[in-house]
Amino acid sequence: MSQPLSLDAIGLPGRRHEQWRWTDLSAIDAALAGHANDAAPDPRGWLIDGVAGPVLLFVDGRYCAAGSDPQQLTIETSGGDEAHVLSRLTRGAVGATLRLGAEHATRGPIQLVHVATGGPAHLHHRLSLAVDAQASIVETYVGAPDSWTNVAVDVDLATGARLMRTVRRLGAGGVHTETLHAGVGQGASYMSTSLLAHAENVRIESQARLHGAGAFASLDGILLGRERQTYDVVNRITHDAPGGSSRQTWRSVADDQSTLSFAGKIEVARPAQQTDAEQSVKALLMTRTATVNSKPELEIFADDVKCAHGATVGELSKDALFYLASRGVPPAEARALLTESFISDALATVGEELVRAAVTADAVGWLRGAA
Amino acid sequence: MMLEISDLHAGIDGKSILKGLSLSVNAGEVHAIMGPNGAGKSTLGYVLSGRQGYEVTSGSVSFEGRDLLALEAHERAAAGLFLGFQYPVEIPGVSNLNFLRTALNAQRRLRGEAEASGAEFMKLVKRHADDLGLSMDMLKRPVNVGFSGGEKKRNEMVQMAVIGPRLAVLDETDSGLDIDALRVVSEGINRLRAPTRATILITHYQRLLDYVVPDFIHVLVDGRIVRSGGAELAHELEREGYGAIAA
Ligand SMILES: Nc1ncnc2c1ncn2[C@@H]1O[C@H](COP(=O)(O)OP(=O)(O)O)[C@@H](O)[C@H]1O
Ligand SMILES: [Mg+2]
């Protein structure tokens with residue numbers, strides 16, 4: 001499709017629409033007027049050291065063979081999902097396609113790196129795992145000011161398949177939007193952990209449908225906001241089959257005038273008996289000028305269901321800060337230590353040690369910079 | 001003189017709590033401050049350690065020749081002051097080991113000393129944790145979370161031993177301890193007695209003072225020291241109560 005020239009032309013649903021009421025993607029206008037920087041970036045700085053496995057590098061929405069080592073991955077162009085306002089923009093865009101059987105284990109986590117130097121960039125990744133296949137994917141999105149990265153991700157997990165996605169948003173500005181659809185089959189497991197930081201605007205919309213019995217999904221993440229950054233996460237987990245479980249663990253740290261929003265909906269259809277769904281959403285206000293929004297939503301049609309959700313907004317404990325100070329820890333370091341421990345719950349599901357360490361280091365870097 | 005408190009007036013939220021407190025402590029000495037509930041004992045500990053919200057309206061405190069009140073809380077710690085908390089704080093998500101290592105190294109940095117290596121730190125902690133009867137497994141757990149009252153106080157003493165302060169102000173370190181724990185904790189305090197160090201024991205029972213025999217006892221009532229004496233004063237207080245002494 002032809003690319004829109006302004007935010008208005010994209011036709012986002014607007015704030016009166018429930019799923020978009022906290023969305024602010026106004027920095028897209030600057031990105032649409034932005035220009036790519038032709039100097040090819042060196043992707044190596046964005047790779048996780050010591051992780052073996054395929055690497056795909058994309059720059060400004062184009063595949064960059066020179067910096068890649070695709071192994072069993074292929075690059076395909078997208079059909080785009082016409083029904084979704086952001087996903088349909090990825091029509092014709094490239095992205096990684098992974099079709100993995102149980103017999104093709106990768107040597108280590110797959111790394112997908114996208115570097116946005118300016119202007120709009122669209123990507124569409126398709127990840128489908130056959131019966132009992134397993135994969136771990138690390139997606140690293142690096143955004144420059146006046147860039148917009150719009151990603152569609154389709155996940156399809158057959159019986160017993162397991163996918164772990166780790167998403168990092170790094171860089172120095174720009175807009176990041178992601179639209180995820182995941183179908184989770186019988187006894188299959190979809191897990192994602194997202195670290196969202198450094199962008200001016202973020203919107204992540206995820207829909208996971210647990211259509212097989214005993215399926216599992218966890219959608220976890222960390223939002224780190226400062227200045228006037230506005231981040232918005234909308235999760236919808238649909239339990240369609242019996243015995244499924246889902247987890248959502250989100251931690252937000254809101255500084256300055258940032259606005260961090262989370263809406264998580266759990267839907268349990270009539271056949272989905274013995275569903276076990278949990279949602280834990282906690283936010284830390286570093287200043288009184290920041291804003292956090294959170295909205296849990298349950299829609300339950302089965303009767304034998306365990307659903308737990310909790311949302312809190314707080315500040316760092318003054319008692320804990322004084323305890324640390326009384327032991328000699330300067331205020332900035334004490335705040336960073338307490339904030340790191342606050343976000344650590346949301347990193348617990350990242351399986352590989354090296355990946356977890358890298359994401360933790362990214363988050364700590366942000367926090368120490370903020371302190 | 002290690003610590004010199006002169007005519008200290010301090011309070012919180014506009015309420016005056018310390019009302020002209022003076023106290024001098026030399027290196028090598030152990031002082032006990034006794035007094036009824038609400039006398040201002042914990043307030044003294046907080047004011048000395050620089051807790052926010054406490055307002056000093058007049059008076060002065062010098063510590064090793066420096067104006068203590070001009071320093072921030074973490075600088076006072078690095079200068080050698082340690083407060084043992086009456087109610088040690090729980091910090092979910094931060095392990096005791098991480099807490100203590102962060103503290104030790106922050107102090108060393110502030111003093112311009114080299115940080116402790118991982119191995120050096122672990123050796124130090126293990127020795128003191130063994131002495132005080134806290135397992136390393138407990139120290140791997142979040143700070144004071146799920147600890148009994150006695151374990152929290154032992155933990156305070158482990159922290160004190162690892163940090164090795166010049167002046168320890170121990171606020172009701174004896175409360176909530178059974179007799180075995182009281183002995184272990186007292187031994188911890190006694191081990192730190194040295195000609196270069198001093199201790200202020202805040203308590204309202206005489207029990208602790210049977211194990212840690214102070215050089216001086218001061219009776220704090222309504223924000224002022226109303227009487228000072230030697231170790232024998234504890235027994236007089238035990239017999240006659242604070243009321244008679246204050247009168
Ligand atoms: N945060 C506070 N705000 C107001 N009053 C306080 C506060 N903390 C303590 N006080 C009051 O100050 C007085 C002294 O308290 P404290 O120093 O805790 O006494 P002690 O430790 O000797 O029992 C008491 O009357 C107490 O109620
Ligand atoms: Mg007290």
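Check region B:93-114 and report whether any residue there is within 14 Å of chain A (Cβ to nearest Cβ), within 16 Å of ligand 1 (Cβ to nearest atom) and assigned to a helix (DSSP H, G or I).
no
Could you tell me whether residue A:186 is open to solvent by 10 Å² or more (accessible area, probe 1.4 Å), of a type in the set (S, T, N, Q), modelled with pLDDT of 95 or more and not in a strand (DSSP E or B)? Here the answer is yes, as residue A:186 does meet what is asked.
Under the condition of being assigned to a helix (DSSP H, G or I) and within 7 Å of chain A (Cβ to nearest Cβ), which residue from region B:64-92 is nearest to residue B:152 (Cα to Cα)? Ranking the qualifying residues of region B:64-92, first place goes to B:77.
Where strands (runs of 3 or more DSSP E) fall entirely within region A:6-116, those with at least 3 residues that are modelled with pLDDT under 90 and open to solvent by 30 Å² or more (accessible area, probe 1.4 Å) are at A:74-77.
The residues listed here are A:294, A:246, A:261, A:218; of these, the one that is under 17 Å from the mean Cα position of the chain (by Cα) and open to solvent by 10 Å² or more (accessible area, probe 1.4 Å) is A:294.
Of everything listed in (1) open to solvent by 40 Å² or more (accessible area, probe 1.4 Å); (2) within 15 Å of ligand 1 (Cβ to nearest atom); (3) of a type in the set (A, V, I, L, M, F, W, C); (4) more than 22 Å from residue B:221 (Cβ to Cβ), the single unmet condition for residue B:85 is (1). When region B:154-176 is limited to residues that are more than 14 Å from chain A (Cβ to nearest Cβ) and open to solvent by 10 Å² or more (accessible area, probe 1.4 Å), the one that is farthest from ligand 2 (Cβ to nearest atom) turns out to be B:154. Being more than 15 Å from residue B:31 (Cα to Cα) and open to solvent by 10 Å² or more (accessible area, probe 1.4 Å) holds for only one residue in B:210, B:215, B:180, and it is B:180.
Residues in region A:331-367 that are free of Cβ contacts under 8 Å to residues at least 40 places away in the same chain and open to solvent by less than 30 Å² (accessible area, probe 1.4 Å) were compared, and the one that is farthest from the other protein chains (Cβ to nearest Cβ) is A:336. Restricting the search to region B:5-27, which residues are open to solvent by less than 60 Å² (accessible area, probe 1.4 Å), among the small types (Gly, Ala, Ser) and within 15 Å of residue B:219 (Cα to Cα)? Within region B:5-27, B:20, B:24 meet the criteria.
Determine whether residue B:61 is open to solvent by less than 10 Å² (accessible area, probe 1.4 Å), more than 13 Å from ligand 1 (Cβ to nearest atom), within 14 Å of another protein chain (Cβ to nearest Cβ) and not in a loop (DSSP other than H, G, I, E, B). The answer is no for residue B:61. For region A:306-327, filtered to residues that are open to solvent by 50 Å² or more (accessible area, probe 1.4 Å) and within 14 Å of chain B (Cβ to nearest Cβ), the residue that is nearest to residue A:251 (Cα to Cα) is A:312. Please verify whether region B:28-41 includes one or more residues that are open to solvent by 40 Å² or more (accessible area, probe 1.4 Å) and away from ligand 2 (no atom under 16 Å from the Cβ). Scanning region B:28-41, I find no residue that is open to solvent by 40 Å² or more (accessible area, probe 1.4 Å) and away from ligand 2 (no atom under 16 Å from the Cβ), so the answer is no. Cβ-Cβ below 6 Å, separation at least six or inter-chain, first residue in region B:162-187 and more than 16 Å from residue A:323 (Cβ to Cβ), second open to solvent by 20 Å² or more (accessible area, probe 1.4 Å) and in a helix (DSSP H, G or I): which pairs? If the second residue must be open to solvent by 20 Å² or more (accessible area, probe 1.4 Å) and in a helix (DSSP H, G or I), the pairs left are B:176/B:149.
The values are calculated or read from the model by the stated rules, or taken from the named source; none is laboratory data. Values in this document were obtained by computation on a predicted structure and should not be read as measured data. Virtual Cβ from ideal backbone geometry, glycine too; neighbours counted across all protein chains shown. SASA here: full protein model, heavy atoms, side chains in, ligands and nucleic acids out. Shrake-Rupley method; radii C 1.70, N 1.55, O 1.52, S 1.80 Å.
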